[in-house]
Amino acid sequence: MRRRRRCHDDAARGAPRRGRRAAARRHAPGSRARATLAGEAVLRGQGARAGRAERHFGAETLDGLATHGFLTVAELRRLEQAQAFLWKVRFGLHALTGRREDRLLFDYQIRLAQSFGYQDASYTLAVEQFMQRYYRTVMDVSLLNELLLQLFREAILSESEPPRPLNARFQVRNGSLEAVSEDVFQRSPSALLELFALLQQNEGLHGVRASTMRAVAKSLWLIDEEFRQNPRHHRLFLEILRSPVGVTHELRRMNTYGVLGRYIPAFGRVVGRMQYDLFHAYTVDAHTLFVVSNLRRFAIPRYDHELPEASRVMQQLPKSEIAYLAALFHDIAKGRGGDHSELGAVEAEAFCLEQGLSQYDARLVAWLVRNHLELSITSQKQDIGDPQVINAFARKVGDGTHLDYLYVLTCADVRATNPKLWNSWKASLFRDFYQRVKRALRRGLESPIDAEHLVRETQDAARRLLLERGVAERDIAGAWARFSAGYFLQHSPEEVAWHARLLADRDAASDEPLVALDPRSVRGTTAALIFARPRRHGFARTTAALDQLGLNIVDARITPTGDGFSLELYHLLEDDGAPITDADRLTEIEQALWRSLQGPADAPFAVSRRAPRQARMFITPTQIAISVDERNRRSVLELTAGDRPGLLCDVGKVLMEERVELQAAKIMTVGERAEDVFHLTDFDNCPLTPQAAERLRDHLVQALDERQAALREPHPAFGAAR
């Protein structure tokens, strides 16, 4: 069968631009949220290479490339196998949809895996096995593309410069690194790692010569257990991690060439591994290297403006390689069953000791891997204004060094999980929690922070801000007299000062509600404040109005005042996690809040926005746990349910019907799941009784499950759209 350039162009013409960018980056095919046939885009690039070969060398087919020496027989076979697999996937898409479809969308992946005969295993779904083969195929074709491009460059461009020796094993030829002979790696296996260290040390190098790339591929078998136990190789690997430049770039190159997965076999097992959910947007290996990339950005001063606190901490760490090693291992046990953090910690400690790290450093890396989710989960699900939460976390980390490493790893990890997951709110949340725990550690674990200390700190800082704005002490005292100490624990000094200014300007005798927006709050969000008399279904009506506008409510706090009012504070972002900056958009939000306040008490309200198509593919059972926080005299409701528009509104309706007061809501979305925490009391400001908690749980489960069932549509008929 003849494989002409035209065939490749036709095969990939439907690949969208996003897929072509992903293919060019080589590692972005690990991006799965809207997986495209990136492999076809790569084949299109292969066709373009063939076009150049035809013009310059008369090679009209892939066989011709082999004849002219651009592809070896083994490489031609790999390319043919990859082409056959990708065309099989493409044909499957066409048969599934009844039309031309070149996007491997989330919706189609399960059906294709089934049609190709994949079956669920103990710890991996059929769709995950299928997609792992897909991503590995794309990576293989991408590597062949890079090889061909380098070969054409060498053949077409003038090569007048004589080679410049670097050492006994490598030389520089026309700006690219080249092994001095094809058997260099057989004679000196350590050169398989030295190659990447030299690329870091010689920043003027453009890349690797094609002959050397081939020699690496042929020599991967040399990276065996004996190779991994060699102290010289340990030093070379750590030298790569400790380099001031090129850490991420060379780790990615090592992954592309297959070296990283051979040197760390556990990493090789997660190359191309995906998780079929809406939370993890990348394959495990792509995500891992993005985490390393984020850590590197924190370490480079020119990126300080992105996350100033994380950059400051990272640049002061005594050993940056500790953070990189924790990043490499934090998800390395995904897909094995069990707790991947615990399993990965065992792998990490053994590897670090094998590489010659001290026992302290090895245990620190293992601790980071074991606890890499703790700071994120605690700050998003618990009340970080609660001194007990702060003190308990300070005891968990034990010292400032562990906290520093954990903070930068957490920011890098969450930022690399999903482009929609990271936002200014999370950056603010993690920073604030880190700083509070840091202060607790400075005081000493034997002198824990108490509530009075935190209240006094907040009031002193807020008072300074207010006095600078010209607010009188009398007005400050009058505004604060409305609130209990708990209010000052829940809000930052900037928020307390903003609220006090608004209340100081308001007629104390007025019964009219107050609505205000802070477009650039200290939390990195737009803060929406409502100060009004309590109203029926107030929380449900407000969240419905905001949800209907397509806004993302990331936090809500409701504080009753001593004079019969309620201060409600909502932190908002756009649905994609971006800050709200448009003036017309802010006006629209303020008007919607006024309408929710001024409408008749019995007026119907609901959210008519539809859930995203991908989210409707998942069924998340509603799970509710209600516990009592005796010290703070409140109940804590933890809710896991399918994320959808109107969820908070439905929760608010049930709370009102069950005569339950909402004090605060911490909103956390994990892909297709909502994992929210609500702080509740009864109308007497006491925790719920066991009977009331049971009624609330049953009512919520029934209401949310019925609502989700009503909103779910049958899975779209794949052949219906023409």
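The values are calculated or read from the model by the stated rules, or taken from the named source; none is laboratory data. Quick caveat, the model's predicted, so the values are computed rather than measured. Glycine gets a Cβ as well: all are built from the backbone with ideal geometry, and neighbour counts include every protein chain shown.
As an exercise: evaluate residue 643 against (1) buried (at least 16 other Cβ atoms within 10 Å of the Cβ); (2) closer than 27 Å to residue 565 by Cα; (3) modelled with pLDDT under 90; (4) touching an Asp or Glu at 6+ places or on another chain (Cβ under 8 Å) and give the number of the one condition it does not meet.
It fails just one condition, (2).
When residue 370 is evaluated against the numbered criteria (1) of a type in the set (D, E, K, R); (2) under 28 Å from residue 494 (Cβ atoms); (3) touching a helix residue (DSSP H, G or I) at 6+ places or on another chain (Cβ under 7 Å), which criterion, by number, is the only one it fails?
All conditions pass for residue 370, except number (2).
Is it fair to say residue 377 is surrounded by fewer than 18 Cβ atoms within 10 Å (Cβ to Cβ) and not assigned by TED's automatic domain parsing to the domain that holds residue 500?
It is true that residue 377 is surrounded by fewer than 18 Cβ atoms within 10 Å (Cβ to Cβ) and not assigned by TED's automatic domain parsing to the domain that holds residue 500.
Give the number of residues within segment 293-312 that are in contact (Cβ under 8 Å) with a residue 24 or more places away in the chain and surrounded by fewer than 22 Cβ atoms within 10 Å (Cβ to Cβ).
2
Being in a helix (DSSP H, G or I), among the hydroxyl-bearing types (Ser, Thr, Tyr) and closer than 25 Å to residue 525 by Cα narrows it down to one of 410, 401, so name that one.
Just a single option satisfies the conditions, and that option is 410.
Does residue 580 count as aliphatic (A, V, I, L, M), farther than 16 Å from residue 531 by Cα, assigned to a loop (DSSP other than H, G, I, E, B) and touching a Leu at 6+ places or on another chain (Cβ under 9 Å)?
yes
Tell me the residue from 227, 130, 185, 196 that is in contact (Cβ under 8 Å) with a residue 12 or more places away in the chain, aromatic (Phe, Trp, Tyr), in contact with a strand residue (DSSP E or B) (Cβ under 9 Å, 6 or more places away or on another chain) and farther than 25 Å from residue 62 by Cβ, please.
The match here is 185.
Within the bounds of segment 319-336, is there any residue that is surrounded by fewer than 18 Cβ atoms within 10 Å (Cβ to Cβ), farther than 20 Å from residue 265 by Cα and in contact (Cβ under 8 Å) with a residue 24 or more places away in the chain?
Checked segment 319-336: at least one residue is surrounded by fewer than 18 Cβ atoms within 10 Å (Cβ to Cβ), farther than 20 Å from residue 265 by Cα and in contact (Cβ under 8 Å) with a residue 24 or more places away in the chain.
Quick one: which residue in 248, 256, 288 is in a helix (DSSP H, G or I), touching an Asp or Glu at 6+ places or on another chain (Cβ under 9 Å), outside the structural domain of residue 343 (by TED's automatic domain parsing) and of a type in the set (Ser, Thr, Tyr)?
256
Within segment 242-277, how many residues are among the acidic types (Asp, Glu) and over 28 Å from residue 106 (Cα atoms)?
Total satisfying the criteria: 1.
Report, by residue number, each residue of segment 231-285 that is polar (S, T, N, Q) and within 25 Å of the chain's Cα centre (by Cα).
Within segment 231-285, 248, 255, 256, 275, 283 qualify.
Residue by residue, here is whether (1) in a loop (DSSP other than H, G, I, E, B); (2) touching a strand residue (DSSP E or B) at 6+ places or on another chain (Cβ under 9 Å); (3) closer than 21 Å to residue 251 by Cβ; (4) at pLDDT below 95 holds:
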site	(1), (2), (3), (4)
310	no, no, yes, no
313	no, no, no, no
325	no, no, yes, no
328	no, no, yes, no
334	yes, no, yes, yes
337	yes, no, no, yes
344	no, no, yes, no
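Considering segment 349-372 alone, what residues qualify as being farther than 22 Å from residue 226 by Cβ and surrounded by 16 or more Cβ atoms within 10 Å (Cβ to Cβ)?
Answer for segment 349-372, where residues must be farther than 22 Å from residue 226 by Cβ and surrounded by 16 or more Cβ atoms within 10 Å (Cβ to Cβ): 361, 363, 364, 365, 366, 367, 368, 369, 370, 371, 372.
Can you pull out the helices (runs of 4 or more DSSP H) entirely within segment 87-198 that have at least 2 residues that are modelled with pLDDT under 90?
The qualifying helices (runs of 4 or more DSSP H) are 106-115, 126-156.
Tell me yes or no: at least one residue of segment 515-534 is within 38 Å of the chain's Cα centre (by Cα), assigned to a strand (DSSP E or B) and over 20 Å from residue 487 (Cα atoms).
no
Let's see how each residue does on (1) surrounded by fewer than 17 Cβ atoms within 10 Å (Cβ to Cβ); (2) within 30 Å of residue 274 (Cβ to Cβ); (3) assigned by TED's automatic domain parsing to the domain that holds residue 375:
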position	(1), (2), (3)
654	no, no, no
658	no, no, no
661	no, no, no
664	no, no, no
671	no, yes, no
674	no, yes, no
684	yes, no, no
709	yes, yes, no
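Filter segment 128-173 down to the residues that are more than 30 Å from residue 269 (Cβ to Cβ) and among the hydroxyl-bearing types (Ser, Thr, Tyr), then identify the one that is nearest to the chain's Cα centre (by Cα).
Among those that are more than 30 Å from residue 269 (Cβ to Cβ) and among the hydroxyl-bearing types (Ser, Thr, Tyr), it is 158.
Among the numbered criteria (1) in a loop (DSSP other than H, G, I, E, B); (2) in the same structural domain as residue 477 (by TED's automatic domain parsing); (3) surrounded by 19 or more Cβ atoms within 10 Å (Cβ to Cβ), which one does residue 503 miss?
(1) is the only condition that residue 503 fails.
Yes or no: residue 421 among the aliphatic types (A, V, I, L, M), surrounded by fewer than 20 Cβ atoms within 10 Å (Cβ to Cβ), over 25 Å from residue 284 (Cα atoms) and in contact with a helix residue (DSSP H, G or I) (Cβ under 9 Å, 6 or more places away or on another chain)?
No, not satisfied.
In this structure, is residue 280 of a type outside the set (D, E, K, R), modelled with pLDDT under 95 and buried (at least 19 other Cβ atoms within 10 Å of the Cβ)?
yes
Pick from segment 203-236 the residues that are more than 30 Å from residue 157 (Cβ to Cβ) and of a type in the set (A, V, I, L, M, F, W, C): which of them is surrounded by the most Cβ atoms within 10 Å (Cβ to Cβ)?
Filtering segment 203-236 for residues that are more than 30 Å from residue 157 (Cβ to Cβ) and of a type in the set (A, V, I, L, M, F, W, C), the one surrounded by the most Cβ atoms within 10 Å (Cβ to Cβ) comes out as 223.
Let's see how each residue does on (1) of a type in the set (Val, Ile, Thr); (2) surrounded by 15 or more Cβ atoms within 10 Å (Cβ to Cβ):
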site: 408; (1), (2): yes, yes
site: 412; (1), (2): no, yes
site: 430; (1), (2): no, yes
site: 435; (1), (2): no, no
site: 446; (1), (2): no, no
site: 451; (1), (2): no, yes
site: 466; (1), (2): no, yes
site: 473; (1), (2): no, no
site: 479; (1), (2): no, yes
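Restricting the search to segment 237-263, which residues are surrounded by fewer than 20 Cβ atoms within 10 Å (Cβ to Cβ) and of a type in the set (Val, Ile, Thr)?
245, 248, 256
Say whether the condition of being among the aliphatic types (A, V, I, L, M) and over 20 Å from the mean Cα position of the chain (by Cα) is met by at least one residue in segment 298-305.
Within segment 298-305 (the criterion being among the aliphatic types (A, V, I, L, M) and over 20 Å from the mean Cα position of the chain (by Cα)), the answer is yes, since at least one residue qualifies.
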